[in-house]
Amino acid sequence: MPTKSELRQYLAFAEKLALGAGKILSGGFYRTKRVNYKGSINPVTEFDLKSEKYIISNLERRYPDHTILAEEGTGTERDSEYCWVVDPLDGTVNYAHGFPVYSVSIGLQYKGQSIAGVVYDPEQHELYSAARGQGAFLNRKRIRVSSEKNLKRSLLATGFAYNVSTARKNNLGMFARMIKQAQAIRRLGSAALDLCWLAAGRFDGFWEYYLHPWDTAAAILIVEQAGGKVTRIDGRKYSIFDKEILASNGHIHSAMKAVLTGVKR
Ligand code: IPD
Ligand code: CA
Ligand code: CA
């Protein structure tokens, strides 16, 4: 396990890269963007690619021995205990439509465990960060999850995968059940920000199916370091390669799990 001071250095570098990538993204936000498609629905703009190029080239230069896993496929697998997990633009649909909710996410895993994570929202100038064992921060101020214990008073977030029309778990039934049990549910369109807003106490819980490692690698650490809980929907230990996630302030976790799994309490 890296030392505290090594962890601080990794985090500081990730913050620098997230701020730099955020500048690239906000610079393109009010322009007309060229949008291509991966498959029939999953969009990618020229700024997803520019942001990834900036992040990867800097990571490669500084940590040439580390593995990098990045959404647009420009990372390299290496024989290393360290793996940087990068989403250069989380919320591409929002971004392409000029809807100002999107982020950059950079996580660092050591032997499969998230040890540092940064999520940056360039439109609100909000930088979320955490290193293992050192708490979670928003613009360098400590954040904590909410203390809400009652699902009926809870504000939740969720999302729907690009393959919602064909997916076995399309989340529509779960959404219908949950909305009757919670105070309200929002769908922001950036899973990394959903999780950070949970860490900051704005949301009390979040769940989604079919997310990818780069959506959650940084933000799950931010949630945990803010005192929250992250599992699979069935309550088992979550890995960033899992296809389901349930995150909460901890207090409403079992109530959410019961609703999502259809168990009567
Ligand atoms: C998407 C966002 C969205 C979630 C999708 C993700 P992208 O990431 O996180 O909130 O619902 O499943 O794929 O494609 O904008 O990086
Ligand atoms: Ca994403
Ligand atoms: Ca993305």
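With respect to His97, determine if the residue is free of Cβ contacts under 8 Å to residues at least 24 places away in the same chain, under 19 Å from the mean Cα position of the chain (by Cα) and either away from ligand 3 (no atom under 16 Å from the Cβ) or assigned by TED's automatic domain parsing to the domain that holds Phe29 (or both).
Details: free of Cβ contacts under 8 Å to residues at least 24 places away in the same chain: yes; under 19 Å from the mean Cα position of the chain (by Cα): no; either away from ligand 3 (no atom under 16 Å from the Cβ) or assigned by TED's automatic domain parsing to the domain that holds Phe29 (or both): yes.
For His97, the condition - free of Cβ contacts under 8 Å to residues at least 24 places away in the same chain, under 19 Å from the mean Cα position of the chain (by Cα) and either away from ligand 3 (no atom under 16 Å from the Cβ) or assigned by TED's automatic domain parsing to the domain that holds Phe29 (or both) - is not met.
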Notebook entry, point to check: Is region 64-80 home to any residue that is touching a residue at least 24 places away in the same chain (Cβ under 8 Å) and more than 14 Å from ligand 2 (Cβ to nearest atom)?
Noted result: no
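Just a yes or no: is a residue in region 185-201 free of Cβ contacts under 8 Å to residues at least 40 places away in the same chain, under 21 Å from Val86 (Cα atoms), hydrophobic (A, V, I, L, M, F, W, C) and surrounded by fewer than 20 Cβ atoms within 10 Å (Cβ to Cβ)? Step through it out loud before you land on a result.
Step one: of region 185-201, the residues free of Cβ contacts under 8 Å to residues at least 40 places away in the same chain are 185-187, 194.
When the remaining residues are screened for being under 21 Å from Val86 (Cα atoms), the result is 194.
Cutting the leftovers down to hydrophobic (A, V, I, L, M, F, W, C) gives us none.
Checked region 185-201: no residue is free of Cβ contacts under 8 Å to residues at least 40 places away in the same chain, under 21 Å from Val86 (Cα atoms), hydrophobic (A, V, I, L, M, F, W, C) and surrounded by fewer than 20 Cβ atoms within 10 Å (Cβ to Cβ).
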Next item on the list: Name, by its number, the condition in (1) surrounded by fewer than 22 Cβ atoms within 10 Å (Cβ to Cβ); (2) under 22 Å from Ile220 (Cβ atoms); (3) within 12 Å of ligand 1 (Cβ to nearest atom); (4) aromatic (Phe, Trp, Tyr) that does not hold for Tyr82.
Entry: (3)
Notebook entry, point to check: Looking at this structure, is Ala116 surrounded by 18 or more Cβ atoms within 10 Å (Cβ to Cβ) and either among the polar types (S, T, N, Q) or touching a helix residue (DSSP H, G or I) at 6+ places or on another chain (Cβ under 6 Å) (or both)?
Noted result: yes
Item checked: Scan of region 158-181 for residues that are of a type in the set (Val, Ile, Thr) and buried (at least 16 other Cβ atoms within 10 Å of the Cβ), ordered by number -> Thr158
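Might you check whether a residue that is under 22 Å from Thr45 (Cβ atoms), away from ligand 1 (no atom under 16 Å from the Cβ) and either touching a strand residue (DSSP E or B) at 6+ places or on another chain (Cβ under 9 Å) or at pLDDT 95 or above (or both) occurs anywhere in region 87-96?
As a first pass, look at region 87-96 and keep what is under 22 Å from Thr45 (Cβ atoms): 87-96.
Imposing the further condition that a residue be away from ligand 1 (no atom under 16 Å from the Cβ) reduces the set to none.
No, because not a single residue in region 87-96 is under 22 Å from Thr45 (Cβ atoms), away from ligand 1 (no atom under 16 Å from the Cβ) and either touching a strand residue (DSSP E or B) at 6+ places or on another chain (Cβ under 9 Å) or at pLDDT 95 or above (or both).
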Check: Can you pull out the residues in region 161-202 that are in a helix (DSSP H, G or I), over 22 Å from Leu138 (Cβ atoms) and within 18 Å of the chain's Cα centre (by Cα)?
Finding: none
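The values are calculated or read from the model by the stated rules, or taken from the named source; none is laboratory data. Keep in mind that this is a model prediction, so the values were computed, not measured. All Cβ positions, even for glycine, are placed from backbone atoms using ideal geometry, and neighbour counts span all protein chains on display.
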